[in-house]
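The values are calculated or read from the model by the stated rules, or taken from the named source; none is laboratory data. All values reported here derive from a predicted model rather than from experimental measurement. Neighbour counts run over all protein chains shown; Cβ positions are idealised from the backbone, glycine included. Protein only, heavy atoms only, side chains kept; ligands, DNA and RNA dropped before computing areas. Shrake-Rupley method; radii C 1.70, N 1.55, O 1.52, S 1.80 Å.
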Amino acid sequence: NAFANRGTLTSVKLPSTIASINTAAFAGCANLATIDFPNTLRTIGERAFEATSIKDLWLPASINSIGSRAFASCSSLERVVALGIHEVASDVLAGCTNVSIYVPSGSENTWNPGLPSDNNHLMPYGIFLSEEPLAIDAGQEADLLEGGNLQAPDPIEASYSYAAAPLSVDAGQVS
């Protein structure tokens, strides 16, 4: 309860020395709208940010676990972007509605979006390459995503490049 119920608190930037946010640390900070989590954070405790005004959550891949009701009753919450696979309590978003929850593809079962009436949505993201091998002639260019796709939450923009050496040359065909 270190900072609980402080109505004047509007944003928090945690130092990189923080590994854990304990129980109800910022619970009830009704005007807390932004939080900057460091890449050293490992644990978010029970009710840590319950009943705050956070709109967007970007959770670093370093987080191992998120406790019960950690972001419950956050009526302003619109988007959660999990940058890693986390152990998440089943009621972490209790009382939240209309939230888009972006999770790495394959980790959809770690987040419980709540009841259908909550209108929360899991949105997997990731890159999926074609299973077909890519074969090009020397000097040609190729689209690495051809036959695949990229799913990413807004406002992420993706670009890619691939500096490759030929793996094999057969009758002038470079693969």
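At a probe radius of 1.4 angstrom, the accessible area of the chain per residue rounds to 58 square angstrom. Look at the dipole of the chain built from charges on Cβ: of ALA2, ILE85, ALA72, the Cα furthest out on the positive end belongs to ALA2. The modelled label-to-label distance between THR34 and ALA152, using points 7 Å beyond Cα along the C-beta direction, is 2.2 nm. For segment 8-124, with all protein chains in place and a probe radius of 1.4 Å, 50% of the accessible heavy-atom surface sits on carbon or sulfur.
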